[in-house]
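The values are calculated or read from the model by the stated rules, or taken from the named source; none is laboratory data. Worth saying up front: this structure is predicted, and the values here are computed from it rather than measured. No Cβ is skipped: glycine too gets one built from the backbone with ideal geometry, and neighbour counts run over all protein chains shown.
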Amino acid sequence: MTFKKNKNEDITNFWISYADLMAGLLFVFILLIGAIVTKSIILKHHLLSSESSLEKKKSALQLKSDEIQELKAMLFQKNTQLSSFSNKIVILQSVINDTNASLLEKEKNLEDYKGKVLVLSNELNAKKQAITLKDEQVLKLLNAMGEKETRYDRLLAQMQETKNKIKNLTGIRIKVIGELKRILGKKIKIDPKNGSLRFSSNILFDKGKAVLKEDSKKQLKKVFIEYVGALMGNKDIKDHIDKIIIEGHTDSDGGFLYNLELSQKRAYEVMNYLLSLDFVKTHHIKPLMIASGRSYLDPIYDKDGKENKDASRRIEIKFSLKNQNAMKEIERILDAK
């Protein structure tokens, strides 16, 4: 009895579970149908919206089509007007061509007239030139004698003026040399022609060298101070001094470039030593001093006309005048004449 009861209960539970399952499936089915209906409604709404948008686009396209038709009509009208203008331009071009042809004809006639006038003008000018030429020849003959006299007088005046200038310029150098002789007396011997000092290279340097001997510096310093002191201490002389020049000279033994280098080095050596003196610094002589080498370009000759090599190897200290270049230029001009 107990066994039968359990079996009925199992059967009852089975059908209950089956009913629950079917109810669940029915619920799912209902949900699917609801989803399908909802989706259908949404799609229908979307289709309605699309149709409405499409209608609007159709309306816009219709408006554009109407505008295009209006533009075509306007374009046709403009083309008609352009054709009319083109016809007018053709007519105007024809008128212009006729006018140009007429102008060319008139220009040709004018050129013919100009040619005739030019021929007549040339004939007239030729006659005038012939008359003028004769008048000029007469005037030239009349003026020739007067010009010769005037030119001669002018040349005499220029010659006299030039002589006076040279006399004044050379007089300054003579005056400076005279003052130097007076101040220095017999203590220091200077060149009577140009007033320069001369130092034998044998005393100042060893053979072929450009280094001052120590025992020569004292004498060089003493003589230089007295010489330059005489130049710069006298106002009558100082006002005319332009430069104080230190020149190196060699004899003709050896090549020109070798002697040029040696003479330059010796001139610079002497200048460097003199620039170190307190006398030069105190009297502000440095801006006036220059040094140069002359190689064997200015040798010294003896009475027989032969080169005195010992005398040619030397250092010269000289001065240049402010107007010295002007004097040389005047002499050059006179020599050219």
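For the stretch 257-277, how many residues meet the condition of being small (Gly, Ala, Ser) and either buried (at least 21 other Cβ atoms within 10 Å of the Cβ) or in contact (Cβ under 8 Å) with a residue 40 or more places away in the chain (or both)? Lay out the reasoning, then the answer.
Quick first cut of the stretch 257-277, residues small (Gly, Ala, Ser) only: 263, 267, 276.
Filter again for either buried (at least 21 other Cβ atoms within 10 Å of the Cβ) or in contact (Cβ under 8 Å) with a residue 40 or more places away in the chain (or both), leaving 263, 267.
So the count comes out to 2.
Counting only residues that are modelled with pLDDT under 95, assigned to a loop (DSSP other than H, G, I, E, B) and not polar (S, T, N, Q), how many does the stretch 176-205 have?
10
Restricting to the stretch 182-224, count the residues that are touching a residue at least 24 places away in the same chain (Cβ under 8 Å) and exposed (fewer than 12 other Cβ atoms within 10 Å of the Cβ).
3
Do we have any residue at all in the stretch 285-299 that's buried (at least 18 other Cβ atoms within 10 Å of the Cβ), part of a helix (DSSP H, G or I), of a type outside the set (Val, Ile, Thr) and more than 39 Å from the chain's Cα centre (by Cα)?
no
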